[in-house]
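Here is the structure we will look at.
Derivation of every value follows stated rules applied to the coordinates shown; laboratory data play no part. Quick caveat: nothing in here was measured; it's all calculated off a predicted structure. Quick reminder, even Gly has a Cβ in these numbers, built from the backbone with ideal geometry, and neighbours come from all protein chains shown.
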Amino acid sequence: MSSSNLPVNLNKRESPLEMHADEFRKVGYQLVDQIAEFLDGLPHRSVTPDESPQKIRELLGTDRLPENGSPAGDLFNEVTDLLFNHSLFNGHPRFWGYITSSAAPIGALADFLASSVNPNVGAAKLSPIASEIEAQTIRWLADLIGYPRTCGGILVSGGNMANFIGFLAARKLKAPWNPDKQGLSVENKRPVVYVSKETHTWIDKAAELFGVGATSVRWIETNNKQQMDLEALEQQIVTDIAEEHLPFLVVGTAGTVGTGAIDPLPEIAAICKKYNLWFHVDGAYGAPAVVLPDASIQLKGLREADSIALDPHKWLYSPLEAGCTLVRNPNHLLETFSHHPVYYNFDGKDEDPSINYYEFGLQNSRGFRALKVWLGLRQVGREGYVQMIGDDIALSHHLFETIGTYPELQAVTQNLSITTFRFVPQDLTKTSLNVESYLNKLNEELLNRLQSSGEAFVSNALVEGKYLLRACIVNFRTTRYDVELLPQIVIRLGKEIDTKMRPVALQTL
Ligand SMILES: *Cc1c(COP(=O)(O)O)cnc(C)c1O
């Protein structure tokens, strides 16, 4: 350990929050033992205890703010029980809901270390090593997906924030006036944004909150593979230009939230060039899949983007929260976000400039979320991610094929690591029911039953009016065994529900 000769008062101040080394060790070692056991035992647990908010609230006991303190050891005994026995576990091998990954254990240790040192990664002077680790993480993420490592970037809390940063850079750089000073409306012209109908809801928030307005979002039709229709896109741009609106941004998605579809990114890039529009790729889910040797040309098109959002807390398996924005021209983030108030003395030397992350995004004080991402990349390397992402996709294909072998199930889509399907009782067409509407109700109820069963967890998608079950495997703990179990669980629950639901549906016909 490096040590200085600086004066030290050996009589430490008695502060209620201080933990002396012996106590910290005792509580910490015990906690680490419990976490190790918890992680090891995850496959034996139910995915979720499915308790009501009311019951959970009762567990928390008195709702009064504590007047006095309690020993840390007692608190951890209590809180480990609360968390281990009353949580939904996205680290369980059969958790496939939404796009939420199992978390790499090294990330938990990284967060522990990061919080212990507690650098403020807003300014390099306050976080000398952490700021450089974040900068290196950003270069490595760019390397991982084949984006120029000279890009700018910043880690944020997740995909929404990462997309917001791209949106704001586009607004700043492509608006033909200065939105910082003049706001957005100039001579009744409207800045307009193009997204496909499958785009994640972040765009609703961005359009409403950043002054563009919801009616300026052009929701472009998708084809039968849930990809943006290029002709419809270009036609809408031409129409808007003719009506003297101000197109400035096209968002392409690399892995839609519903079915994992990848928009035709190279073609969208070409359209953006032609009309001088910012090309942003929402790769919150799918961007890391470009690391695979057999990645599609469509997906590789993300490398042409002006900005990319990706989510280490999805397919890089970082614990929540970790999102990332990459911007081709690093100056664009500074132009969008940088200010220099008099009370900050953060400017480095011209010959050795420092990176002050408060100038690259929305946050000022910032935590060290880069550490867990950086350590994950170092622990397994590019090869490790190629293996895990490739395995997730192979398991999703295996699920799709297994579903196809059951006459009671209908497999509908398979993209990246998302498979959608539904339960279809075999004798249904012989009834007088409106089949599609009954199937939607049946599968919705089935989803609710499955989610609360704790046996497995999937979410839902709506494709061409069909209510579907949707399994998204971003989970390095999932095995073929787990995947093969899912159709059996779904059929058992589906039959139970159909037996009760169908007579009622026939009666109310
Ligand atoms: C998950 C997701 C988002 C939102 O990301 P968060 O991390 O939940 O904020 C945005 N876009 C896509 C395509 C996503 O999959």
Taking R0 as 35 Å and r as the Cβ-Cβ distance between L65 and I129, the FRET efficiency 1/(1 + (r/R0)^6), rounded to the nearest 0.05, comes to 0.40
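For the chain, give the magnitude of the charge dipole about the Cα centre (Cβ charges: +1 Lys/Arg, -1 Asp/Glu; no others), in debye to the nearest 20. Present the calculation step by step, with values, prior to reporting the outcome.
Values: 46 positive and 60 negative charges, 63 e Å.
Around 300 debye, computed over the chain.
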Sequence-distant or interchain residues sharing an amide H contact under 5 Å with L246, placed H: which?
R190, V192
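Might you report the magnitude of the Cβ-based charge dipole of segment 382-507 about its Cα centre, with Lys and Arg at +1 and Asp and Glu at -1, to the nearest 20 debye? Intermediate results must be reported in sequence, preceding the final value.
Values: 13 positive and 15 negative charges, 55 e Å.
I would put it at about 260 debye.
What 222 nm value per residue comes from the helices of the chain, counting each DSSP H run with n ≥ 4 as -39,500 (n - 2.57) and dividing by all residues, nearest 500 deg cm²/dmol?
Dividing the helical sum by the residues of the chain leaves -14000 deg cm²/dmol.
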Can you bin segment 367-448 into rounded, prolate or oblate? Criterion: square roots of the alpha carbon gyration tensor eigenvalues sorted a ≥ b ≥ c, rounded for a/c under 1.5, prolate for a/b above b/c, oblate for the rest.
prolate
Would you please give the FRET efficiency between E351 and R477, computed as 1/(1 + (r/R0)^6) with r the Cβ-Cβ distance and R0 = 56 Å, to the nearest 0.05?
0.70
For segment 119-368, rounded, prolate or oblate, judged on the Cα gyration tensor with a ≥ b ≥ c (square roots of eigenvalues), a/c < 1.5 rounded, else prolate if a/b > b/c?
oblate
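State the antiparallel share, in %, of DSSP beta bridges confined to segment 119-368, rounding to the nearest 5.
Numbers: 13 of 30 bridges.
Of the beta bridges lying entirely in segment 119-368, close to 45 percent run antiparallel.
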Amide H proximity to I154 below 5 Å, modelled H, separation 5+ or other chain, gives T325
Rank by packing, highest mean first: peptides 9-17, 300-308, with packing defined as the count of other Cβ atoms within 10 Å averaged across residues.
300-308, 9-17
Count charges around L395 for me, please; just the other residues with Cβ under 14 Å from its Cβ, Lys/Arg as +1, Asp/Glu as -1.
-2
Of all DSSP beta bridges with both partners in the chain, the antiparallel percent, nearest 5, is 60
Could you list, in their original order, any pairs among K225/K441; K372/K466; K197/K500 whose Cα atoms are separated by more than 32 Å?
K372/K466; K197/K500
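Tell me, what is a quarter of the convex hull surface for the C-alpha atoms of the chain, in nm² with one decimal?
Numbers: hull surface 122.3 nm².
If I average the Cα hull's projected area over directions, I get 30.6 nm².
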Which FRET efficiency, nearest 0.05, do S52 and F112 yield, Cβ-Cβ r, R0 30 Å?
0.40
If amide hydrogens are placed 1.01 Å from N in the peptide plane, which non-local residues have theirs closer than 5 Å to the one on I220?
V195, S196, K197
Selection from P312, H340, Q298, by position along the positive dipole direction of segment 119-368 (Cβ)
H340
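Restricting the count to DSSP beta bridges whose residues both fall in segment 211-359, what percent are antiparallel, rounded to a multiple of 5?
Values: 7 of 16 bridges.
Around 45 percent of the beta bridges assigned by DSSP in segment 211-359 are antiparallel ones.
If the chain between E18 and A72 were fully stretched, how many nm would it gain, using 0.36 nm times the residue separation less the Cα-Cα distance?
Difference between extended and current length: 18.4 nm.
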